[in-house]
Amino acid sequence: MVTSPTVEKPASADELARRLHEAATSKLAVVPVGGGRASGMGDPLDRCDVLLHTTLLDRVIEHSQADMVVSVEAGITLEALQAELAKAGQFLPLDPFNSPGHTIGGLLATGWTGPLRMRYGSPRDFLIGIRVALPDGTLATGGGRVVKNVSGYDMMKLHYGALGSLGVIVAASFKVFPMPLHDVTVTSDGRWDDADRALATPVTPSALEIFSDGRVLARYTGSRAAVDRAVDDLGWKVEERSIWERHSGRAPARWARIAAPRTVLRELVETLPRGAGWWASPGIGVAHWAIASDASSVRDMRARTESVGGALVMLAAPDELMRQAGAWGTPPSTLEIQRRLKNAFDPDHVLNPGRFVV
Amino acid sequence: MTLPNGVADELRRIVGRESVVDAPNDLRIFERDGSIEGAVPDAVVLASSTREVSEVIKIAAKHRIPVVPRGAGTGLSGGAVTIRGGIALQVTRMRRILEIDPIAQTALVEPGVVNQELSLVAAQHGLFYAPDPSSQKACTIGGNAAENSGGPHCLYYGVTTNHVLGMEVVLADGSVHWVSGDAPDRVGLDLCGVLVGSEGTLCAITKIKVRLLRIPPSVATLLAAFPSIEAASQAVSAVIGHGIVPAALEMMDEVTVGAVEAHYHAGYPTDAGAVLLVEVDGISESTRELMAAITEILAQNQGYAMREAQTPAERELLWAGRKGAIGALGRIKPNYYLHDGVVPRSRLPQILSAVGEIGVHYKLPVANVFHAGDGNLHPNILFDLRDRQVLHQVEAAGEEMLRAVVELGGALSGEHGIGLEKSAFMPWIYSEDDLDAMHRVKDVLDADGILNPGKIFPDPNRKPIQLAGRTGLAIEARWW
C-alpha cells in the first residue's frame with residue numbers, strides 16, 4: 001500500500017451509506033471496521049482506500065424487554081449491549097473469542113461465535129432483522145423485530161458471515177434470552193473421554209470445551225434440578241464462572257478455526273502437530289488452533305479437514321503465513337453463483353477486495 | 001393456457017408416459033393448496049429423482065415455462081398454486097428417508113418425506129425432528145424447507161431453518177448443487193440459509209439434511225383456563241419474563257375451545273375466555289420443577305382449572321385438540337380462512353382485540369388458535385363458501401387483520417409464507433430498496449423468472465383490496 005487509507009467515522013447509517021456510495025462511485029476500496037477484533041481474518045486486501053468505521057453507530061435503538069427483542073446499531077460493542085440487556089435479566093448468548101471489544105456488526109460479518117453456541121446456536125439462529133448499506137448508497141432491510149418471520153427472503157442469512165463483502169451492516173435486531181435460572185461450570189482433566197461422557201449424560205451441557213492440556217470445562221444452565229443432576233452425574237470439580245470470561249479472551253497471534261462434523265472432530269484434532277496448542281467445542285464441531293508451525297502444516301491440516309467435509313479458516317497470521325497458507329482453503333462448489341451474488345450487490349468490488357471468498 | 005407444442009412429449013421422455021398429467025379433468029386436482037386462491041396448471045410432472053427434476057427444469061428453462069415445485073399441497077399462502085400456469089413439479093414420489101445417522105444425529109431425506117414420518121422413524125433411535133407444523137401428518141420436509149415452516153414446539157426449538165444442515169437443490173438452469181452440509185461454519189456465502197424459506201422461487205429442493213434431537217426423557221403438558229384472552233396473554237409474558245422458555249406455549253380462544261371440545265372431548269374448559277397449553281421437557285426432575293413454577297405464575301395471572309396430563313394418552317389428546325383445532329372449526333362453518341401474522345408478544349392483547357372487532361365489523365365469526373409464546377397469531381375467519389358473496393368480505397377482513405398486525409410493529413407471516421396470498425402487502429413492511437435487494441437475489445438465481453413466478457414480490461396487477469380505498473393508516477415506525 002503506497003498511501004495510507006482515509007479514515008471515515010460516519011455518525012449515522014444514512015451518512016455511512018453516503019460515504020460508501022461516494023467511495024464506490026470513485027471505485028475506492030472500502031474496508032468496514034468495527035471493533036477490529038477480527039481484522040486479521042481473510043486474505044490480505046488487494047487495495048484499501050477507505051477505512052469505514054461503524055464505531056459511532058453505537059446506539060441501542062430499542063430494547064423491548066417484554067418481547068425479549070433488541071435492535072441495535074452495528075457499532076455497539078457486545079459488552080455494551082449485554083450491559084443493557086442485563087438490566088432486564090436478559091442476555092445475548094454470544095461469547096466470542098478475542099473478547100472484549102467486538103462490535104455487533106463485526107460479529108455478524110465474521111460469524112465468530114463461542115462455547116455457548118452449543119446450547120443457543122449462533123447469531124444465524126437468533127438474528128431476526130438486519131439493515132445493510134449497499135455500495136449503490138441504498139439501505140436495505142430484511143426481517144423485522146418479531147421472533148418468527150418468513151416475510152420475504154432471509155436476508156439475514158445472506159449477510160451473516162459474508163465478511164462485509166455484499167454490504168456494510170448498520171443495524172440488527174435479535175431475539176434475546178432470559179438469563180439462565182442456574183448456571184454452574186464443572187471441570188475435569190479427563191480429555192476426550194470425559195468430554196464424551198458429558199455429551200452422553202441426559203442433561204446436555206450448554207457449553208463444553210476441551211483443551212490441548214487435557215482439561216475439560218462443562219457449563220450447565222437451566223432449572224436447578226437439571227443443573228444439579230448433571231453436576232452429580234459427572235462428579236467433577238466446580239469451577240468459577242469467571243473462567244468463561246478468561247476463555248473468551250483467548251486470541252493467539254497466529255490461529256485458525258477448524259470446523260468439521262461433530263462426529264469426526266476428535267479424530268481430526270488428534271492429527272494436529274505434536275505439542276500444538278488448541279481448544280475445541282466437541283458439541284459444536286469447532287476447534288481453534290494456535291499455530292506454532294509453518295504453512296505446510298496448515299495446508300496438511302486443511303487437507304485433512306476438507307477431506308471430511310470441513311473447513312480450516314485462518315483467523316489471524318502474519319501476512320507471509322497468510323499468503324502461503326491462504327485464509328479460506330478450497331473455494332465452495334457454488335463459487336460461481338456466489339460471485340454472481342457479489343456482482344449484484346457490489347459490481348465494482350469495492351468492499352473488502354481480495355479478502356473474502358468472493 | 002397450454003404448454004407449447006411438443007413440450008408434453010419432451011416431459012414424458014424424461015419421467016415416463018404415466019408421470020405427466022395433462023388431461024384437463026385430472027389437472028383440476030392440482031389447482032389448489034391449502035389457501036383460498038387456485039389456478040390450474042398446464043401439466044403436472046411427477047418426478048422420481050433429482051435427475052428428473054433437473055431435466056424437467058431444463059426443459060422449462062428452454063421454453064421459458066413456469067415451474068412450481070409442489071409437495072403435499074398443504075401450504076397456506078398459495079405457494080404451490082400455478083398462478084401463471086406452467087408445470088406443477090410434484091416431488092411426493094421422492095419420499096425415501098435415505099439415511100439416519102444416530103451418532104451424528106442427522107437425517108438425509110428426499111423432499112417428499114412426510115414430516116411426522118421422519119420423527120416416527122427417528123424415534124427408533126431415540127431421536128426426533130423438531131419443527132412440527134400442525135399439518136405434520138401430511139406436509140413434506142421439502143415443503144417445510146421451502147416455506148421455512150414453524151409449529152408449536154418452535155418456541156424453544158426454533159423453526160425449520162434452524163434445523164436444516166444442508167440441501168441438494170436444482171436451480172433455474174437445471175444445475176444441481178449441494179449447499180452447506182454436516183460441518184458448521186462453511187466457507188463463503190450461506191446459500192443454504194437464503195434458499196430455505198424462498199418458497200420455490202429460487203430453487204427446487206431435492207434432498208435435505210436435517211438435524212435430529214434426542215427425545216427428552218420427560219415431558220409435562222399443562223392445560224390452563226383464563227377468563228379472557230388478555231389475561232392469558234399476560235400470563236404468557238409472565239412465564240417467559242420469569243426466565244422460563246417452555247417447549248411450547250399455545251393459546252386457543254373461546255370459539256376454538258368450544259369446537260375442539262365438542263369434537264375431541266379432551267376436557268378443555270368450555271367456559272373459559274381462553275386456554276393455554278404449556279409444555280416443558282427435559283429430565284423429570286427438571287420438568288417437575290419448571291411445571292411447578294409455571295403453575296404458580298399462571299395462577300398469579302388468573303389461570304384456573306389447571307390440569308396436567310397424567311399419561312401419554314392424555315397428553316396426546318390435549319395435543320390432538322390443538323393440532324386438530326382447525327378441522328374442528330368445521331362444526332361452526334364449513335370453510336375457514338386461516339391467517340398468519342406475528343406481533344411482538346406484548347402486543348397480543350391489542351391485536352386479538354383488533355381481530356375481534358374486525359370480525360364483528362364484517363359479521364364473520366373468528367376463531368383464534370395460535371403460538372402465543374412467539375406472538376404468532378392465527379385468526380381463522382369462518383364462513384360458508386356456498387354463499388358466494390362472502391368471499392370478498394372474508395378476504396377484506398383478513399387483509400384488515402394483517403394491516404393491524406403491521407401497524408403494531410409485526411410481520412406479514414410467521415410460518416406460512418408470503419406466496420400469492422400476501423405478496424401485495426409486502427410494501428407495507430419493506431421499502432422499495434428492501435424489496436430491490438431481495439430481487440437482486442432472485443435475478444441472480446432465476447433471471448428469467450421461471451421458478452414459481454407471481455409469488456413473494458408484489459405484482460403490479462394485483463392490488464390489495466382495501467388499500468386503494470384507505471389512506472392515512474399509520475404504520476408504526478420501522479424498527480431502525
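Here, each number is a calculation from the coordinates, and none is a lab measurement. Keep in mind that what you see is a predicted model, and the values were worked out from it rather than measured. Quick reminder, even Gly has a Cβ in these numbers, built from the backbone with ideal geometry, and neighbours come from all protein chains shown.
Only aspartates and glutamates eight or more places from A:LYS237 in sequence, or on another chain, were considered; those with a Cα closer than 18 Å are A:ASP183, A:ASP189, A:ASP193, A:ASP194, A:ASP196, A:GLU209, A:ASP213, A:ASP228. Using the Karplus relation 6.51 cos²θ - 1.76 cosθ + 1.60 with θ = phi - 60°, the per-residue 3J(HN,Hα) values for region A:268-278 come to 5, 5, 5, 8, 5, x, 3, x, 5, x, 7 Hz, with x marking Gly and Pro. Of the Cα atoms belonging to region B:97-214, the radius of gyration and Dmax stand at 13.2, 40 Å. What share of Cα pairs, in percent, lie more than 26 angstrom apart in region B:1-111? It works out to 21 percent of all Cα pairs. Taking 31 Å as the limit for the C-alpha separation, the pairs A:LYS175/B:LYS422; A:LYS27/B:LYS463; A:LYS27/B:LYS58; B:LYS333/B:LYS463 exceed it in the case of A:LYS27/B:LYS463; A:LYS27/B:LYS58.
For chain B, what is the convex hull (Cα atoms) projected area averaged across all directions, in square nanometres?
Approximately 22.8 nm², given one-decimal rounding.
Overall, the protein assembly as shown carries a charge dipole of about 880 debye about its Cα centre when +1 sits on the Cβ of Lys and Arg and -1 on the Cβ of Asp and Glu, all other atoms neutral. Taking Lys and Arg as +1 and Asp and Glu as -1, the other residues whose beta-carbon sits under 12 Å from that of B:LYS62 total -2. For chain B, averaging the sequence separation of C-alpha pairs within contact (under 8 Å, six or more residues apart) and dividing by the residue count gives a relative contact order of 14 percent. Among the residues of B:439-445, the average count of other protein chain beta-carbon atoms within 10 Å of the residue beta-carbon is 5.
Of the residues A:LEU28, A:LEU52, A:VAL69, the one whose Cα sits farthest toward the positive end of the charge dipole of region A:1-88, with +1 on the Cβ of Lys and Arg and -1 on the Cβ of Asp and Glu, is A:LEU28.
The residue list B:LEU445, B:PRO460, B:PRO365 was ranked by how far each Cα lies along the charge dipole of region B:333-469 toward its positive end, using unit charges on Cβ atoms, and B:PRO365 comes out on top. Shape verdict for region B:218-328, please, from the Cα gyration tensor: rounded (a/c under 1.5), prolate (a/b greater than b/c) or oblate. Oblate is the answer for region B:218-328, as a/c is 1.5 or above yet b/c matches or exceeds a/b. Derived value for the protein assembly as shown: Kirkwood hydrodynamic radius 27.5 Å. Basis is the mean of 1/r over every pair of different alpha-carbon atoms. Extending 7 Å from Cα along the Cβ direction at B:SER48 and again at B:VAL121 yields two label points whose distance is 1.8 nm. Along its three principal directions, the equivalent ellipsoid of region B:333-469 from the Cα gyration tensor extends over semi-axes of 27, 18, 13 Å, largest first. In this calculation the C-beta distance from A:LYS87 to B:ARG307 is compared with R0 = 51 Å, giving a FRET efficiency of 0.85.
Between B:ALA23 and B:ARG214, the simple spin-label model (points 7 angstrom out along Cα→Cβ) gives 5.4 nm. The helix-only estimate of mean residue ellipticity at 222 nm for chain B, built from DSSP H runs of length n ≥ 4 each weighted as -39500 (n - 2.57), is -9500 deg cm²/dmol after division by the residue total. Seen from all directions on average, chain A presents a Cα convex hull projection of 17.6 nm². Couplings 3J(HN,Hα) for region B:216-226, derived from phi with the Karplus relation 6.51 cos²θ - 1.76 cosθ + 1.60 (θ = phi - 60°), are x, x, 9, 10, 10, 10, 10, 10, 9, 9, 9 Hz, where x marks Gly and Pro. Across region B:7-90, the mean sequence separation of Cα contacts (distance under 8 Å, 6 or more residues apart), normalised by length, yields a relative contact order of 36 percent. Taking Lys and Arg as +1 and Asp and Glu as -1, the other residues whose beta-carbon sits under 15 Å from that of B:GLY327 total +4. Dipole magnitude for region B:302-393: computed about the Cα centre from +1 point charges on Lys and Arg Cβ and -1 point charges on Asp and Glu Cβ, it is near 140 debye.
Here B:LYS62 is the anchor, and the aspartates and glutamates within straight C-alpha reach of less than 20 Å, apart from those fewer than 8 places off in the same chain, are B:ASP9, B:GLU10, B:ASP22, B:ASP42, B:GLU52, B:ASP173, B:ASP443, B:ASP446, B:ASP448. Ranking B:HIS63, B:LEU27, B:ALA80 by how far each Cα lies toward the positive end of the dipole of region B:7-90 (charges on Cβ) leaves B:HIS63 at the top.
Charges only on Cβ, +1 for Lys and Arg, -1 for Asp and Glu: so what's the dipole of region B:97-214 about the Cα centre, in debye to the nearest 20? Don't skip to the end; give the middle numbers.
Numbers: 6 positive and 12 negative charges, 50 e Å.
Roughly 240 debye for region B:97-214.
Computed from label points 7 Å out along Cα-Cβ, the spacing between B:ASP433 and A:THR201 is 5.1 nm.
Taking θ as phi - 60° and the Karplus parameters 6.51, -1.76 and 1.60, the scalar couplings of region B:353-369 work out to 6, 4, 4, x, 5, 5, x, 4, 4, 8, 6, 10, x, 10, 10, 10, 8 Hz in sequence order, x denoting glycine and proline. Take each residue in A:304-316, count the other chain C-beta atoms within 10 Å of its C-beta, and the mean is 2.
Lys and Arg at +1, Asp and Glu at -1: add these up for the other residues within a Cβ distance under 9 Å of A:ALA290 and post the number. Residues close to A:ALA290 contribute a combined charge of +2.
Most mobile of A:ASP233, A:ASP136, A:ASP194 per a Gaussian network model of chain A (Cα springs, under 10 Å)? Of A:ASP233, A:ASP136, A:ASP194, the Gaussian network model singles out A:ASP233 as fluctuating most. The mean number of Cβ atoms from other chains found within 10 Å of a Cβ in peptide B:342-351 is 4, as a whole number.
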